[in-house]
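Notes for the one structure printed next.
The numbers here are math on the coordinates, done by the rules we state, and not lab data. Keep in mind it's a predicted model, so treat the numbers as computed, not measured. Because the Cβ atoms are built from the backbone with ideal geometry, glycine has one as well, and the counts that use them run over all protein chains shown.
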Amino acid sequence: MRNLVILGSTGSIGTQTIDVIKDDPEIKVTGLAVYGSVDKLKEQVEKLHPEAVCIYDEKKAEAFKAFGLPVKVLSGMDGLIEIATMDSCDEVVVSVVGMIGTRPTIAALKAKKRVALANKETLVCAGHIIMPLASECGIEIKPIDSEHSAIWQSLTGEPHNRIEKILLTASGGPFRGKKREELRGKTKEDALKHPNWAMGRKITIDSSTMVNKGLEVLEAHWLFDVPVDMIKVVVQPQSIVHSAVQYVDGSVKAQLGLPDMRIPIEYALYAPDRHPLPEDRRLDLAELAKLTFEDPDMETFKGLALGYRAGRLGGSMPTVYNAANEEAVAMFLEDRIDFLEIADVIEEAMDAHEKDIIPSPTLEEILSIEEWARNYVKTNSKIVR
Ligand code: MG
């Protein structure tokens with residue numbers, strides 16, 4: 001029997017995690033945390049009977065208490081940390097969006113809880129803190145991201161010093177093959193139409209700009225301890241090859257499957273074992289008939305090139321890359337900047353930060369630089385109207 005706590009339980013990864021483990025009597029959900037979706041949380045509590053819940057938003061937590069359910073109700077960052085470290089927690093799925101996931105992840109590691117991580121920001125901004133801490137605590141961070149799960153699976157049983165390249169695949173998003181001129185005036189409705197994956201709004205926009213891939217390069221750099229320039233992005237429009245590893249003998253190992261997040265979730269929870277998933281969704285290679293690959297267009301999708309730049313500069317720069325992107329995406333969704341300006345806004349903030357890079361920022365410094373980058377975009381940007 002193991003006890004699972006899900007941070008971000010009503011989001012896309014959280015709900016699919018609950019779906020993956022629903023028939024497993026060996027896993028008990030003991031804690032659920034959300035930002036503010038109390039109605040959905042109520043349904044989950046009635047079904048799963050956790051011991052504790054955390055609602056990050058204090059007011060919403062009060063609203064939840066009014067339901068009068070027999071469950072301990074926590075709130076705020078303290079609540080997130082408490083639920084991730086409580087005795088009746090063996091393993092935490094961190095699927096909250098944003099920097100909010102970092103402190104609970106650190107706390108969980110220190111409390112020797114297993115961590116399945118679906119929160120990119122934590123590694124992108126604080127990988128230099130998280131990875132040494134995880135190894136010090138003897139805990140392997142298990143990625144819940146289709147690409148990183150594929151890399152992890154492709155690395156299993158292989159010597160680290162024989163890796164030649166990580167081949168990180170990208171779908172290319174809804175604007176693959178388009179040139180800059182064609183992307184002028186693209187609206188959020190266009191950008192939100194992802195060809196293969198059904199995901200949250202923020203990550204779908206990140207996929208259309210390829211900033212998601214830039215963040216994933218940084219994530220892979222930390223998870224697998226390889227320099228960013230050993231990570232090559234390959235566009236794989238069908239989203240079937242979820243990533244691969246090339247070894248020094250030229251051999252390439254990949255993981256394939258239908259685009260279905262339940263597989264990386266399942267692998268993170270059960271590896272090195274595998275847990276059955278419903279047979280209605282299987283990859284049929286003959287039916288698929290064709291897999292294609294291409295190099296990414298880093299000029300059109302400057303957001304990806306900026307990810308490499310942030311990774312090469314390192315230190316606090318990935319935090320600026322991530323935070324400026326979050327602000328830019330929010331502004332794009334509010335129709336305040338154009339599609340192509342998302343990357344311009346990120347670049348502007350990175351340029352402004354370059355002279356002030358902190359080589360190995362503390363968590364406090366990361367949070368203050370995040371704040372600086374958000375404010376810079378909101379108040380100093382010459383691009384935002
Ligand atoms: Mg991914």
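Given the C-alpha centroids of the range 281-350 and the range 59-116, what is the distance between them in whole angstrom? When both Cα centres are located, 29 Å separates them. Quick one: net charge of residue 172's neighbours, Cβ under 10 Å, K/R +1, D/E -1? Neighbourhood net charge equals +1.
Take the range 41-99, drop everything but the C-alpha atoms, weight them equally and run the Debye formula without solvent; then report log10 I(q)/I(0) at 0.19, 0.28, 0.29 Å⁻¹ to two decimals. Cα-only, vacuum Debye calculation for the range 41-99: -0.71, -1.38, -1.41. The local environment of residue 89, defined by Cβ-Cβ distances under 15 Å, has a net charge of +2 under the rule Lys, Arg +1 and Asp, Glu -1.
Expressed in whole Å with the largest first, what are the equivalent ellipsoid semi-axes of the range 203-270 derived from the C-alpha gyration tensor as the square root of 5 times each eigenvalue? Walk me through the intermediate numbers first.
On the way: eigenvalues 73, 59, 37 Å².
Three semi-axes, in Å: 19, 17, 14.
Quick check: convex hull over the Cα atoms of the range 148-310, volume per residue in Å³, rounded to an integer? Could you put the intermediate results ahead of the total?
On the way: hull volume 21.4 nm³, N = 163.
Roughly 131 Å³ of hull volume per residue.
Can you order the peptides 127-138, 34-45 by their average number of other Cβ atoms within 10 Å per residue, highest first? It would help to have the intermediate numbers written out before the result.
On the way: 127-138: 15.6, 34-45: 18.8.
Top of the packing list down: 34-45, 127-138.
Assuming a viscosity of 1.002 mPa s and a temperature of 20 °C, what translational diffusion coefficient in µm² per second does Stokes-Einstein assign to the chain, Rh being the Kirkwood radius over Cα pairs? Write out the running numbers ahead of the final one.
Values: Rh = 21.3 Å.
Diffusion coefficient, whole number: 100 µm²/s.
Computed from the Kirkwood radius of its Cα pairs, the Stokes-Einstein diffusion coefficient for the range 343-383 at 37 °C and 0.692 mPa s stands at 308 µm²/s. All distinct Cα pairs of the range 2-142 go into the 1/r average, and the inverse of that average, the Kirkwood radius, is 14.7 Å.
Give the order of 362, 15, 102, 204 when sorted by the count of other beta carbons within 10 angstrom, beginning with the fewest. Display every interim value, and only then the final one.
Values: 362 11, 15 16, 102 23, 204 20.
Final ranking by Cβ density, sparse to dense: 362, 15, 204, 102.
Relative contact order of the chain: 15 percent, from C-alpha pairs under 8 Å at least 6 residues apart in sequence. Positive contributions from Lys and Arg (+1) and negative ones from Asp and Glu (-1), summed over other residues with Cβ under 12 Å from the Cβ of residue 190, come out at +2.
Quantify how much of the Cα-Cα distance distribution of the range 1-80 extends past 22 Å, in percent. Kindly include the intermediate steps, with their values, before the conclusion.
Numbers: 498 of 3160 pairs.
Roughly 16 percent, rounded to a whole number.
Expressed as a whole percent, how much of the Cα-Cα distance distribution for the range 270-385 exceeds 26 Å? Looking at the range 270-385, the distances longer than 26 Å represent 40 percent of pairs. Rounded to two decimals, the Cα-based Rg/Rh of the range 147-233, with Kirkwood Rh, is 1.05.
Mind running the shape call on the range 65-182? Use the C-alpha gyration tensor, a ≥ b ≥ c as the square roots of the eigenvalues: rounded below 1.5 for a/c, prolate if a/b tops b/c, oblate otherwise. Please list the in-between numbers first.
On the way: a/c = 2.53, a/b = 1.43, b/c = 1.78.
Verdict is oblate for the range 65-182.
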